[in-house]
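Take a look at the structure set out below.
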Amino acid sequence: MKKYLAMFLTAVMALSFAACGGKDSGEGDGGGAGIADALTLLTTIWDSYEEGEKFSAMGGDFSEENMVNDAPGNYGIQDTAMLDYTLGLPETSASMIDGAASLIHMMNANTFTCGAFHVSSGDNVSSVAEALRDNILQRQWMCGFPDKLIVITVDDYVISAFGNGELIDTFKAKAMAAYESAELVYEEPIV
């Protein structure tokens, strides 16, 4: 009997070590390390929302292969003018990124627009963050305008989000909770 109990306890311990070892994906682990891409980054944040906190959204870049309903989607980086127009990344900074994802309010982009960008070289993270802030703040808004802009860095990623103050505050809290290495570098009203 003791032999079977010892084997059972050994098996349980082995399974628990295997389960703990599988948590190093970087998704929501607080470390930020091992983030696969910009889409994974945004999806981790979006998945941390409670059902009542979510809003009608779409992700992607309006292409058939990237457009997604009610979730973040990949955003192609080849059309630098669209990156600027939709997500606020200036064309002059597009060469510094090698991947992007988006999450946009379905009713009005001024209500909530979020872009996540993987910066090719960690040396350029602050340059991309500053360029996003400056470009978004100098825009001329039509059909209403957003209340607030935030820019967050997570390792070699830069996230910008602008829109309704409450939606931006919720996103900020979720992003900061999802990744321990997240740093709020800009939070500014849009006037």
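The values are calculated or read from the model by the stated rules, or taken from the named source; none is laboratory data. Keep in mind that what you see is a predicted model, and the values were worked out from it rather than measured. All Cβ positions, glycine included, derive from the backbone under ideal geometry; neighbour counts span all protein chains shown. For the accessible areas, the whole protein counts, side chains as well, though only heavy atoms, and no ligand, DNA or RNA atoms are used. Shrake-Rupley method; radii C 1.70, N 1.55, O 1.52, S 1.80 Å.
Brief remarks follow.
- Tally of residues being more than 19 Å from Asp61 (Cβ to Cβ) and either open to solvent by less than 10 Å² (accessible area, probe 1.4 Å) or hydrophobic (A, V, I, L, M, F, W, C) (or both) across region 115-129: 2
- So Met106, is it farther than 23 Å from Thr92 by Cβ and free of Cβ contacts under 8 Å to residues at least 40 places away in the same chain: no
- Every condition in (1) touching an Asp or Glu at 6+ places or on another chain (Cβ under 7 Å); (2) more than 25 Å from Phe55 (Cα to Cα); (3) surrounded by fewer than 15 Cβ atoms within 10 Å (Cβ to Cβ) holds for Asp134 except the one numbered (1).
- Test: residue in region 89-96 that is farther than 21 Å from Thr43 by Cβ and part of a strand (DSSP E or B): no
- The residues of region 103-130 that are in contact with a His (Cβ under 8 Å, 6 or more places away or on another chain) and in a loop (DSSP other than H, G, I, E, B) amount to a single one, Thr111.
- Residues in region 59-81 that are open to solvent by 40 Å² or more (accessible area, probe 1.4 Å), part of a loop (DSSP other than H, G, I, E, B) and on the phi < 0 side of the Ramachandran plot: Glu64, Glu65, Met67, Ile77, Gln78, Asp79.
- Qualifying residue in region 142-153 (condition: at pLDDT below 95, under 19 Å from Leu42 (Cβ atoms) and either touching a strand residue (DSSP E or B) at 6+ places or on another chain (Cβ under 8 Å) or assigned to a strand (DSSP E or B) (or both)): yes
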